[in-house]
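Working notes for the structure below.
The values are calculated or read from the model by the stated rules, or taken from the named source; none is laboratory data. Remember, it's a predicted structure, so these values are computed and weren't measured experimentally. With ideal geometry, Cβ positions are generated from the backbone for all residues, glycine too; neighbour counts draw on all protein chains shown.
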Amino acid sequence: METLFEEIFEKRQGTIRYTLDRVKKTYTKLGLANSLAPSILVAGTNGKGSTSGFLAKLFSSSGYRVGLFTSPHLCHFKERIQCSHLEVTDELLIEEIQFLKRSLGIQLYEELSFFEVSLLLALRIFEKEKTEINVIEVGLGGLLDATNIIEPVVTTIVSIGYDHQSILGESFEEIFRQKLGIIRDGVPLFFGISSEKAEEQGLNSTLQEALKGKKIPLFQKGKDFFLEDSRAIFFDSNSQDALELPSSVLSPILRENFALSFAIFSWYQKQAHSCVDFSSLKKQYEGDKFLPPSLVARFEKFSLELKNRQTQEVYLDVCHNMESLEQTYRSLKDFGILEKYGKIPVFLSILTDKPISSMIDYVKAFGDPLVLFSCSSTRSYNATHVKDGPNGGLPFYESFYEAWKSAFLEKKREAPILVCGSFFAVGEVLSFIKNDSNKTLVV
């Protein structure tokens with residue numbers, strides 16, 4: 001079992017081959033196009049994971065058998081593949097890996113990338129479990145992402161920001177064109193950026209160009225769906241649907257992503273002529289039950305136990321680029337944390353393909369002290385990256401455990417601590433927090 005998982009992870013070491021040729025060939029050979037449930041494609045720079053998770057939760061809460069494919073994972077590969085009525089086990093994954101090898105042949109299987117194998121495993125499991133709707137998070141871009149082999153019934157673009165410029169392009173327009181690659185003639189597009197924000201980012205003309213000559217219903221944030229106080233509202237054909245959400249549980253950006261998810265859900269239900277009892281649905285979204293199981297480490301609060309048996313409040317947040325860091329700052333302000341404490345301690349870990357100096361400088365505005373740490377990813381920064389730059393004076397540690405042990409273990413801080421950074425780093429911190437062997441540190 002261990003060996004087969006190692007084989008998949010070894011595929012991560014290869015360079016990204018941005019083409020659909022291989023995955024199209026395997027998709028056709030497996031006959032998946034004719035057996036999959038209706039699928040929703042979720043693209044965007046930030047917010048894809050939370051939007052996908054909310055969608056899966058809404059459909060599952062309404063009785064659908066839902067398949068959810070997301071990436072990357074934090075602690076375990078099987079986080080990427082979820083079914084609302086099935087726990088995806090290691091044994092099931094191994095069984096499907098072996099099936100892929102037998103069905104495709106070793107040569108074709110070896111040609112597939114890590115992400116392509118992950119997607120095919122998900123689609124195979126969704127097929128076996130007879131899901132009624134699938135929520136598919138796009139990996140990189142959209143146009144040439146492996147998920148784009150699927151013919152969706154709904155598409156959504158959550159946000160546009162600077163990330164993976166070496167592959168997607170240096171400008172907002174180039175990145176946006178890649179994301180728009182998922183749209184289909186006759187298939188509705190839910191756009192998570194308001195017209196005003198899109199104009200500010202220079203996206204409106206690109207959007208209109210992409211829609212020209214196509215019959216694509218466009219639903220846009222601020223016009224067709226939005227937040228009003230603590231309600232998510234969707235307008236469609238002069239009718240209105242609304243759902244109250246517990247704003248105290250969600251950060252500002254998560255509330256916005258929920259409003260987008262709710263709009264898609266409401267539209268789909270109307271197309272299916274399904275009557276939704278929103279009062280009943282609301283009861284399933286009380287308190288912590290509101291958050292999908294897949295939505296972990298998104299400004300999530302934990303309590304760590306210090307050696308003196310006092311507890312330290314910690315917020316854990318995935319913020320892997322500049323835009324997501326800005327969203328983290330919004331959350332700190334919205335929850336009144338910065339107003340109360342001014343600055344708070346921050347543990348930060350960044351990958352080397354991100355703007356390290358800019359991200360560190362941004363966190364300095366609200367982080368004091370700021371502690372840097374590395375993770376096990378080959379793309380993680382190390383002491384050399386920091387020492388040779390303008391931030392060489394900041395404390396740096398090779399792991400979160402070393403940083404925590406050296407900097408904070410003995411003394412409780414009144415202010416909460418923010419631990420944030422890449423998926424790799426936050427995943428390792430989450431594993432550390434949840435590891436039974438660390439019970440001397442964790443409540």
Residue pairs meeting the criteria (Cβ under 6 Å; at least 6 apart or on separate chains; first touching a residue at least 40 places away in the same chain (Cβ under 8 Å), in segment 150-165; second assigned to a loop (DSSP other than H, G, I, E, B) and surrounded by fewer than 17 Cβ atoms within 10 Å (Cβ to Cβ)): 153/38
Lone unmet requirement of (1) at pLDDT below 75; (2) of a type outside the set (Phe, Trp, Tyr); (3) within 23 Å of residue 329 (Cα to Cα) for residue 417: (1)
Some residue of segment 57-65 being within 28 Å of residue 178 (Cα to Cα) and without any contact (Cβ under 8 Å) to a residue 60 or more places away in the chain: no
Hits in segment 65-93 - residues which are within 25 Å of residue 420 (Cα to Cα), of a type in the set (A, V, I, L, M, F, W, C) and surrounded by fewer than 22 Cβ atoms within 10 Å (Cβ to Cβ): 74, 75, 77
Residue count, segment 110-148 (criterion: among the charged types (D, E, K, R), in contact (Cβ under 8 Å) with a residue 40 or more places away in the chain, in a helix (DSSP H, G or I) and within 17 Å of residue 86 (Cβ to Cβ)): 2
Test: residue 378 is closer than 24 Å to residue 405 by Cα and in a loop (DSSP other than H, G, I, E, B): yes
Subset tally (residues that are in contact (Cβ under 8 Å) with a residue 40 or more places away in the chain and among the hydrophobic types (A, V, I, L, M, F, W, C)) for segment 178-237: 4
Cβ-Cβ under 7 Å pairs, at least 6 apart or on other chains, segment 98-109 side farther than 11 Å from residue 25 by Cβ, far side of a type in the set (Ser, Thr, Tyr) and surrounded by 15 or more Cβ atoms within 10 Å (Cβ to Cβ): 100/109; 101/109
Residue in segment 50-57 that is under 16 Å from residue 135 (Cα atoms), at pLDDT 90 or above and surrounded by fewer than 23 Cβ atoms within 10 Å (Cβ to Cβ) present: no
Meets criteria (within 30 Å of residue 352 (Cβ to Cβ) and of a type in the set (Phe, Trp, Tyr)) for residue 219: no
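Condition test on residue 260, is it in contact with a Gly (Cβ under 7 Å, 6 or more places away or on another chain) and assigned to a helix (DSSP H, G or I)?
Spelling it out, residue 260 is indeed in contact with a Gly (Cβ under 7 Å, 6 or more places away or on another chain) and assigned to a helix (DSSP H, G or I).
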Residue ranges of helices (runs of 4 or more DSSP H) in segment 159-248 with at least 3 members on the phi > 0 side of the Ramachandran plot and of a type in the set (Ser, Thr, Tyr): none
Residue under evaluation residue 28, criteria (1) free of Cβ contacts under 8 Å to residues at least 24 places away in the same chain; (2) of a type in the set (Ser, Thr, Tyr); (3) part of a loop (DSSP other than H, G, I, E, B), criterion not met: (3)
Answer residue from segment 264-321, given it is at pLDDT 90 or above and β-branched (Val, Ile, Thr) and is surrounded by the fewest Cβ atoms within 10 Å (Cβ to Cβ) among those: 314
Residue in segment 64-81 that is assigned by TED's automatic domain parsing to the domain that holds residue 160, out of contact with any strand residue (DSSP E or B) (no Cβ under 9 Å at 6 or more places or on another chain), over 28 Å from residue 321 (Cα atoms) and not charged (D, E, K, R) present: no
In segment 125-150, residue surrounded by the fewest Cβ atoms within 10 Å (Cβ to Cβ) [restricted to those that are of a type in the set (D, E, K, R) and modelled with pLDDT of 95 or more]: 132
Only one of 74, 92 that is under 22 Å from residue 39 (Cβ atoms) and in contact with a helix residue (DSSP H, G or I) (Cβ under 8 Å, 6 or more places away or on another chain): 92
Residue that is modelled with the lowest pLDDT, among those in segment 205-246 that are buried (at least 17 other Cβ atoms within 10 Å of the Cβ) and within 21 Å of residue 331 (Cβ to Cβ): 245
Residue within segment 27-39 that is buried (at least 21 other Cβ atoms within 10 Å of the Cβ), closer than 20 Å to residue 154 by Cβ and at pLDDT 90 or above present: yes
